[in-house]
1. Averaged per residue, what accessible surface does the stretch 366-424 expose to a 1.4 Å probe, in Å²?
2. Take the alpha carbon gyration tensor of the stretch 345-412, find the square roots of its eigenvalues, order them as a ≥ b ≥ c, and report rounded if a/c is under 1.5; if not, report prolate when a/b exceeds b/c, else oblate.
3. Report the label-to-label distance for residue 431 and residue 290 in nanometres (one decimal), using points 7 Å from each Cα along the Cα→Cβ vector.
4. In the stretch 138-239, how does Rg compare with the Kirkwood Rh, expressed as the Rg/Rh ratio over alpha carbon atoms?
5. Give me the distance between the Cα centres of the stretch 385-448 and the stretch 307-331, rounded to whole Å.
6. Just round it to a whole percent: the fraction of Cα-Cα distances in the stretch 255-360 exceeding 23 Å.
7. Pairs to check: 306/374; 291/380; 176/412; 193/234; 257/306. Give those whose C-alpha atoms are more than 26 Å from each other in this structure.
8. Can you pull the semi-axes for the stretch 303-454, root of five times each eigenvalue of the Cα gyration tensor, sorted largest first, whole Å?
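The values are calculated or read from the model by the stated rules, or taken from the named source; none is laboratory data. Note that the structure is predicted; figures quoted are calculated from it, not measured. Using ideal geometry, Cβ is built from the backbone for each residue, glycine included, and neighbour counts are taken over all protein chains shown. Just so you know, the surface numbers come from the protein's heavy atoms only, side chains and all, with ligands and any DNA or RNA stripped out. Shrake-Rupley method; radii C 1.70, N 1.55, O 1.52, S 1.80 Å.
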Amino acid sequence: MSAFNIPPPSTTTTTFSSLPSSYCHSNITRTNYFNNDYNNNKKYSRGFHFSLFSSQTNPSSSSSSSKTKRELSKMPTHFSKSGSGHSWIQDGSMNRNSTSSNKGMQGPLHSVFPSTPAQVSSVEDLFEFICSGPLISKLGLTSEMIAESIDKWISYGLLLCRLFQLNELFLTVPQKARFYHYYIPVFIWCEDKISKHVSQFKDSEDIPPLVIGFSAPQGCGKTTLVFALDYLFKATGRKSAMLSIDDFYLTAEGQAKLRETNSGNALLEFRGNAGSHDLPFSIETLSALNKLTKEGMKMRLPRYDKSAYSGRGDRADPSTWPEVKGPLTVVLFEGWMLGFKPLPMEVVQAVDPQLEIINKNLEAYYDAWDKFIKAWVVIKIQDPSCVYHWRLQAEIAMREDGNPGMTDEEVKDFVSRYLPAYKAYLPTLYAEGPNGSDPENLLLIEIDEGRNPILGN
């Protein structure tokens, strides 16, 4: 992949009081999900003691020029090198500098952080840590490009610390990896695709938002990734919208009809597989978002209530749908089966005969979803069975917190309705990319069982 230019920093000073309250006070459900991502991470020792910016380096970055080092030595920082941690979420990683959560979310970004610069070497350590990330070479980034934009990386890291209510002075290694090896590189990639998208239009033309699709199995962290990206876009002055394929499920009445029509097919007994979505409604919504190009334009984004009808689900009341205003820059559209292509019938029958109708239903999904998506992030897993383990972790955590959660057997039954589609369609998705995708606008990220990006292919 060819190298690209990192967009210049925003000239607008971002204050947290200017951001949506849903971010400033943090959505607890999403934050807790993010915080649990590393609870069972085998890659890092729970008793590991380290400095905030560790000294681990990438062999390829060891040849950084003295010019790069001199540039870094001039960079101011609000970071300290000391700190320790032993798990993903802990008291030691929460914001200690603010006297209350409400006060800490107001005023300029730097207001709750130390005003005295830390040792300059901490910035050099951060630079080395960033360069060691598995996505850097995939994105075409060089050590020189990272050095020139290190202030942006620091700024984005601070924003993510605030979003997830973490103290930047006490980030664990897994937390640093999640921010600097995953979320921020993907954000920079998205920014580059937006810049190229905008450049295709003349000054007098309306510029539709770039729709970026995020295809990833359930439980692998795609919703949290999109949540973080949406926050970074808004914090840096861009208007963005989040959508999930879940938002386009059939109404409760439509689901009942689907279940009755396909009696005996366990894959269509509940929502999820191809055929359980309102495709005309999808086209209507995505088409409307594409036209959200001017100030004063606005619309509501559909949402689905999975708790309705004792968990069967139903479309949420439109009065509760969030509003998005133009001009819209980007739409972040995520889903577990985005980009799945219909396969020869003998292929799906060999996996599960019940997939035959699912495969037929998929034929209509390109026009409803995929053709609107101009850039893709595909998150690759090594084994679909991970979905079961991730879902089980989430349900156990919910039960331990005193919230309703599925039993182990219910989790097994739930995931079993998705596994045939994973086994049938993921190999083609990973080998060929989504239907109609451009390889230049496709980012394939392979993750391990801890949901961390790895080098992969």
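1. Details: 2880 Å² over 59 residues.
For the stretch 366-424, the per-residue accessible area is 49 Å².
2. Details: a/c = 2.38, a/b = 1.64, b/c = 1.45.
Here the stretch 345-412 falls in the prolate category.
3. 3.1 nm
4. Numbers: Rg = 15.0 Å, Rh = 15.2 Å.
Reported Rg/Rh (Cα atoms, Kirkwood Rh): 0.99.
5. 22 Å
6. On the way: 2400 of 5565 pairs.
Here the tail beyond 23 Å accounts for 43 percent of pairs.
7. On the way: 306/374 29 Å; 291/380 32 Å; 176/412 33 Å; 193/234 17 Å; 257/306 18 Å.
Where the Cα-Cα span goes over 26 Å, the pairs concerned are 306/374; 291/380; 176/412.
8. Numbers: eigenvalues 134, 108, 67 Å².
One finds semi-axes of 26, 23, 18 Å for the stretch 303-454.
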